[in-house]
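Derivation of every value follows stated rules applied to the coordinates shown; laboratory data play no part. Every value quoted in this text rests on a predicted model; they were computed, and no experiment measured them. Neighbour counts run over all protein chains shown; Cβ positions are idealised from the backbone, glycine included.
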Amino acid sequence: MSRRRLALNAAGFVVAAVVVAFLPRFISSYHALEWANVGIYFTALLGLNVLTGYSGQISLGHGAFMAIGGYTSAILIAHHGVRDVWTIPLAGLVAGGVGLAFGLPALRLRGFYLALATFGVAVAFPALVQKFDHFTGGSVGLPLTLHSNDWLYYLAWAIAGAGLLLGRLVLATPIGRAFRALRDSEVAAVSSGISPALYKTLAFGISSFYAGIAGALYAIAAAYVTPQTFPITLSLFLVVGLAVGGLGSLAGSVVGAILIQFLPPLAPHLGHAPPQVLEGAVLVAVMLLLPGGAAGLLRLVQSSRQS
Amino acid sequence: MKVAVAAAVLLVAASTAGARPVATPGVTSSSILIGGTVPLTGEAAAAAGVARGADAYFKYVDAKGGVLGRKITYKYVDDGYEPQRTFLDVRQLVQQDGVFAIFNSLGTSNNAAIRGFLNQAGVPQLFVASGASTFGRDYKKYPWTIGFIPTYSAEGKVYARYLLKNKRGAKIAVLYQDDDYGKELVSGLQTGLGPKKSLIVKKVGYDPTASDVRSEVAQLKASKAKVFMIFAFGKFAVQAFITANQLGWHPQIVVNDVAAATSLMQLSPPKATEGAISIVFGKDPDAPAWKRDKGLKLFRSIMTRYAAGQTPNGYYAAGMAAAYTLVDTLKKAGKNLTRKSVMTAATHLNEKSNPFVLPGIRIHTTPSYRFPISQVRLERWHKGHWVLFGPLLSAKP
Amino acid sequence: MAEFWQQVVSGLASGGIYASLALALVIVYRSSGVINFAQGEMATFATFLAWTLLDHGLSYWPAFALTLAIAFAGGVALERVLIRPVEGRPVLTVVILTIGLLILINGATQWIWGGATRKFPSPFSTRPIHVVSAAFSIQDLGIVGVSLAAVALLSLFFRFTKLGLGLRAAAVNPEESRLVGVRVGWMLALGWGLAAALGAVSGMMVAPVVFLDPNMMQGVLLYAFAAAMLGGLASPVGAVVGGLALGVVLNLLGTYVSTFSGQMRLVGGLAVILVVLLVRPTGLFGRTAVRRV
């Protein structure tokens, strides 16, 4: 990346950081909670972007990795009295470990098959939580400490910011190049000596690490977890946010996160249709007209300005 | 003496003159804002009548001047029966809209998801629309929460007592929804049977996300039990009736209250449902027994006036019953309406005049007994309607 | 022993339900190489259409036929308008598109008909038949029978008609098919139309049992996927055999292995999908495809 681009990116990041830091002073407490959720979804989408946008593997089940992180956190807090902030990295590690383990067999699956397998995992996961109810609390769930909305906001965005920087860093290394090479042409990548097994599995691990952290934050923000906290619709919405934000664009994930948070409550105001009609329509429209998502739109605008 | 009276009068006058409108959220000198969540869309949408019935009743009360000069506005929001949405909705109602209290929210896990937050924030969680006993029982941890309808475990006990008396020694098979709702009904039944618990020869749980329960019913039939308890929800209850009938199994069926709505029962062929037993605490608008009842006449007139075009059914009646109790509570809380005063009123109820519950039911609470309705009657399904039988029974948890 | 046979029979009945939706999934996959996540919702929508026709006084079989025709047309239109533009785009785009359709159609169904549960009539009698100690109804037989008939008709269609041949050719090798005059675009649309019609049949068979509501097919979808995978995604016969087998296996597991009762049935379905994907991705009846590099 050229010096100029790097400087522009850094400047952009600083501006964004300032906006994020000062926003809570201008908005109500409830809005702070909503934006905290945006930060949480952003973290999850960062990870999903690494998996799908960069290493080309589809996951329709990332809600399940969020659930693993969320429940790890909840069990530590509720049963072992660990302070919630410390559970977050642990949640990420557990989820990341499961992701690595999942990544190995996932190597044999491609495209639709992987989508199907991950879809199945997300659908069946709440049942597993219910089954092991002696330590997950079953459908009664586990109550957690409640925090102020502003505290949640700052925590979520601090983590999101750190996640973004970390992600950028990793992708700038040879690991990132390997991911991109695999995505663009697996055959070419293999013939240049890149081991798909290693990198694809690593991508799964990284993305589920992020998802686990996001899940832990999600649980802490809700101050309560039940099997219904992480339903299949969450997994589907993450994919929606990814697609709308733009694959392969870390910053585009913010757009996706905003969509996930604000579209469902917005929908009832636009007529009497249930929110799914609007959500589905937006998704179909974006896929048809703007498959590159928001990031693609931005690129279009940039390139038309240059020409 | 005269001086003392004059001084007292002056004192009272001075204190009321200096009094400003109470800085309680959701309360002004002329209005009260109440919030709630119900599934207006999604699989449980049929139960949304609970909120609509309550809303119609509040409009009726407002038309007559409101409660102590304050008109009630009831803002109920769709949560699609998803606890995650319930949580966000309630936080919005409290932090954004500044409601005075949360009332009549529907769903066991939904209410569980918001209970911690409401209690931490000191917001009353009144008359929860769920029969899970935790809402009335765990008041030490959650002092701002109070239930309303008879608990599921009490319901199980009522059935146990009926069976011990009228179906002595009969073997029992139980189909239950594999979550807290179903499990509490089962544990109530077991507790109620006491030493005769072993009469339950088979119990099978089913997955609430499944498409059908035929395999489970077939397993239960194989137990050769003479009594079949259906502790289910919605269409699963209907399937259980139909499957048992199709398999040629005709035991005495007992179905739980929530799954016994007339509209649901009518989805099964009459042969499958004839003679089934359930409990009830409210007046069912579809039951012929209440055709001339004054309370239901009021119900119907309110529905026509304030909920025109909607089908009056048991859910609407239950909602109006809860609304009546809320209005009663607000009256008792007095002109100086605060969250604290409303909780005090809610935990000192002694209401005998609720027109929408069965005659003779006394809605009664104390600070340590938070189960407003704990009396029910048994009813039997006969030729397409529920028919009451027997006396008022205790449904203490 | 009696209970064993009863569970087998009930399992076949449930399996018939999975099989009928799995068939629709297989047809779409076979003709356009896409797994349509919205297949279940399309089936539900079509069933609601049928309900409306019946509600307006049409008798059963005319309503059934008309629904099939409308569903077919709808499937064709969907393919032409929504799927065609994303042909050749990355898999993820198509996957997300069908998920968007899933959400949209589910919402539309709720919007038009509301969420209440309704009764739906069955063309078959529900009177129980007792064979030795197991009981089932003609309706159960009917569901299985209809799936088998559909498979048989489809197999004949694919093998012996020009159109069927064209469909298969277009799916396997679009370029060369064009060269020999096959109108590839319309073949794809035909595949979607057929699948939509099959989905409608599935919905109308299932609704009398599980009752009609907008989320009716959601409980079936995962099992339909599992059935399709088990049989081999491109094999109609496989879908039906897979569905029936799955129904029986899940029932028996649920009855005799207590871990798999209740909610864990879903996990059982998932396990089938995962095992098939990992051990024999082409399923019981599929043929291994060779990817040219």
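Observations on the structure shown:
- Only alpha carbons enter this Debye calculation for segment C:2-279, each as an equal point scatterer, and the log10 of I(q)/I(0) it gives at q = 0.14 Å⁻¹ is -1.00.
- Taking a ≥ b ≥ c as the square roots of the eigenvalues of the Cα gyration tensor, segment B:152-280 is rounded, since a/c falls below 1.5.
- Neighbour counts of other Cβ atoms within 10 Å put A:TYR218, B:TYR81 in the fewest-to-most order B:TYR81, A:TYR218.
- Under 5 Å between amide hydrogens, built in the peptide plane, is the criterion, and for B:ARG377 it picks out B:VAL280, B:LEU393 among residues at least 5 positions away or on other chains.
- With θ taken as phi - 60° and the Karplus curve 6.51 cos²θ - 1.76 cosθ + 1.60 applied, the whole-hertz 3J(HN,Hα) list for segment C:266-277 is 4, 5, x, x, 4, 4, 4, 4, 5, 4, 4, 4 Hz, x standing for glycine and proline.
- R0 of 45 Å, Cβ-Cβ distance A:ALA10-B:LYS141: FRET efficiency to nearest 0.05: 0.35
- 3J(HN,Hα) along segment B:233-242, derived from phi through the Karplus expression 6.51 cos²θ - 1.76 cosθ + 1.60 where θ = phi - 60°, amounts to 9, x, 5, 5, 5, 4, 4, 4, 4, 5 Hz, with x in place of Gly and Pro.
- In this rough spin-label picture, where each label sits 7 Å from Cα along the Cβ direction, the B:ALA121-C:VAL275 distance is 4.8 nm.
- Cα coordinate range in the protein assembly as shown, projected on the principal axes (Å, largest first): 110, 79, 51
- B:THR191 versus B:ASP97: modelled label distance in nm, points set 7 Å from Cα along the beta carbon direction: 3.4
- Violating pairs (Cα-Cα greater than 28 angstrom) within the set B:LYS291/B:LYS331; B:LYS75/B:LYS157; B:LYS183/B:LYS297; B:LYS297/B:LYS352; B:LYS141/B:LYS183: B:LYS291/B:LYS331; B:LYS75/B:LYS157; B:LYS183/B:LYS297
- Each of C:THR117, A:THR229 was scored by other Cβ atoms within 10 Å of its Cβ. Listed from fewest to most, they are C:THR117, A:THR229.
- Seen from B:ALA259, the other residues with C-beta closer than 13 Å to its C-beta sum to a net charge of -1, counting Lys and Arg as +1 and Asp and Glu as -1.
- Placing +1 on the Cβ of every Lys and Arg and -1 on the Cβ of every Asp and Glu, with no other charges, gives the protein assembly as shown a dipole of roughly 1280 debye about its Cα centre.
- Amide H to amide H, with H built 1.01 Å from N, B:ILE149 comes under 5 Å of B:SER130, counting only residues 5 or more places away or on other chains.
- Dividing the alpha-carbon radius of gyration of chain B by the rule-of-thumb value 2.2 N^0.38 Å gives 1.05.
- Estimated FRET transfer efficiency when R0 is 60 angstrom, pair B:ASN336-C:LEU165 (beta carbons, to 0.05): 0.10
- Over all pairs of different C-alpha atoms, segment A:29-84 has a mean inverse distance whose reciprocal, the Kirkwood radius, equals 13.1 Å.
- Globularity ratio of chain A, using Cα Rg and 2.2 N^0.38 Å: 0.99
- Taking a ≥ b ≥ c as the square roots of the eigenvalues of the Cα gyration tensor, segment C:173-261 is oblate, since a/c reaches 1.5 or more and a/b is not larger than b/c.
- The calculated 222 nm mean residue ellipticity attributable to helices in chain A amounts to -25500 deg cm²/dmol, summing -39500 (n - 2.57) over DSSP H runs of n ≥ 4 and dividing by all residues.
- Under 5 Å between amide hydrogens, built in the peptide plane, is the criterion, and for C:PHE285 it picks out C:GLY232 among residues at least 5 positions away or on other chains.
- Extent of segment C:1-102 along its three principal axes (Cα atoms, max minus min coordinate, largest first): 54, 40, 20 Å.
- Counted charge near B:GLY314, where neighbours are those whose Cβ lies closer than 11 Å (Asp, Glu -1; Lys, Arg +1): -2
- For residues of B:112-120, the mean tally of beta carbons on other chains within 10 Å: 4
- Each residue, A:HIS269 and C:ARG178, gets one label point 7 Å from its Cα in the Cβ direction; the gap between the two is 4.7 nm.
- C:LEU266 sits among other residues whose Cβ lies under 14 Å from its own Cβ, and their net charge, with Lys and Arg +1 and Asp and Glu -1, is -2.
- Estimated [θ] at 222 nm from DSSP helical runs (n ≥ 4, -39500 (n - 2.57)) normalised by residues in chain B, nearest 500: -12500 deg cm²/dmol
- Scanning chain A for long hydrophobic helices, with DSSP H runs required to stretch 27 angstrom or more by C-alpha along their axis and to average at least -0.5 on the Kyte-Doolittle scale, returns A:3-22, A:29-48, A:84-106, A:111-131, A:149-172, A:196-222.
- Over chain C, dividing the summed -39,500 (n - 2.57) contributions of all DSSP H runs of at least 4 residues by the number of residues returns a 222 nm mean residue ellipticity of -24000 deg cm²/dmol.
- The relative contact order of chain B, computed from alpha carbon pairs under 8 Å that lie at least 6 residues apart in sequence, is 17 percent.
- Whole-Hz couplings from phi, Karplus 6.51/-1.76/1.60, listed for segment B:139-148; x for Gly and Pro: 6, 5, 7, 10, x, 8, 10, 8, x, 8
- Partner chain coverage, peptide B:217-226 - average Cβ within 10 angstrom: 3
- Sequence ranges B:41-49, B:358-366, ranked by mean other-Cβ count within 10 angstrom, highest first: B:41-49, B:358-366
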